[in-house]
Amino acid sequence: WISGSRWRICIIIEWGRFTSTDGQVKVDLPAPAAHAGVDLTYTTIQTPTHSLPPGKRGLRLFRLIAENSEGNTINQFEANYNLEVSYTDADLAKLGILENTLKLYFYNPATGQWILIGTTLDAPNNKATGTLDHFTDFALLGDPVAQPTVRSLFLPLIQK
């Protein structure tokens with residue numbers, strides 16, 4: 001189903017692997033017993049709903065929500081899962097983000113802060129991967145490309 005200007009997709013996970021329809025986010029959940037009957041909702045976030053950390057730019061922002069068969073939200077898993085977020089070189093150039101600074105973050109609503117996730121960056125394949133045990137809002141953030149400064153050059157006037 002689709003809601004408003006954002007894509008909102010609900011998929012039932014059977015084998016523990018979820019890939020968003022836009023192909024940008026992959027979730028690899030632990031053993032099947034840990035996620036049997038779980039519905040996963042992926043929603044892209046177009047405009048940050050929470051202030052980003054100082055000096056960071058958002059490349060991918062999204063929300064993951066899991067619900068069991070009774071419709072109860074699952075906030076915590078018993079085991080860790082892998083989260084993989086893809087990006088393109090064109091996205092980096094368009095947003096002016098340095099690739100080697102990309103890191104995954106999750107939003108902690110209790111503290112109102114973005115928390116850094118241990119991130120493995122696979123730059124040749126344009127992927128960032130982290131390991132977590134819960135769902136919330138997530139972001140792939142990086143530092144902006146330094147803007148060149150313009151210096152004026154004044155040469156003394158030589159008189160002949």
* With a Förster radius of 41 Å, plug the Cβ-Cβ distance of ASN126 and ASN80 into 1/(1 + (r/R0)^6) and report the FRET value to the nearest 0.05. => 0.95
* What FRET efficiency, computed as 1/(1 + (r/R0)^6) with R0 = 25 Å and r the Cβ-Cβ distance, is obtained for THR41 and ALA146, rounded to the nearest 0.05? -> 0.10
* Asked: By how many nm would the segment from SER51 to LYS94 grow when fully extended, if each residue of separation counts as 0.36 nm and the alpha-carbon distance is taken off?
  -> 13.4 nm
* To do: Would you please give the FRET efficiency between GLU70 and ASP133, computed as 1/(1 + (r/R0)^6) with r the Cβ-Cβ distance and R0 = 22 Å, to the nearest 0.05?
  => 0.55
* Which ³J(HN,Hα) values in Hz, rounded to whole numbers, follow from the phi angles of the stretch 124-132 under the Karplus curve 6.51 cos²θ - 1.76 cosθ + 1.60, where θ = phi - 60° and Gly and Pro get x? -> x, 9, 6, 9, 10, 10, x, 10, 9
* Asked: Rounded, prolate or oblate: which one fits the stretch 22-102, using the alpha carbon gyration tensor with axes a ≥ b ≥ c (rounded when a/c is under 1.5, else prolate when a/b beats b/c, else oblate)?
  -> prolate
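Only the coordinates and a few stated rules stand behind these numbers; no lab work does. On a predicted model such as this, the values are computed, not experimentally measured, just so you know. Glycine gets a Cβ as well: all are built from the backbone with ideal geometry, and neighbour counts include every protein chain shown.
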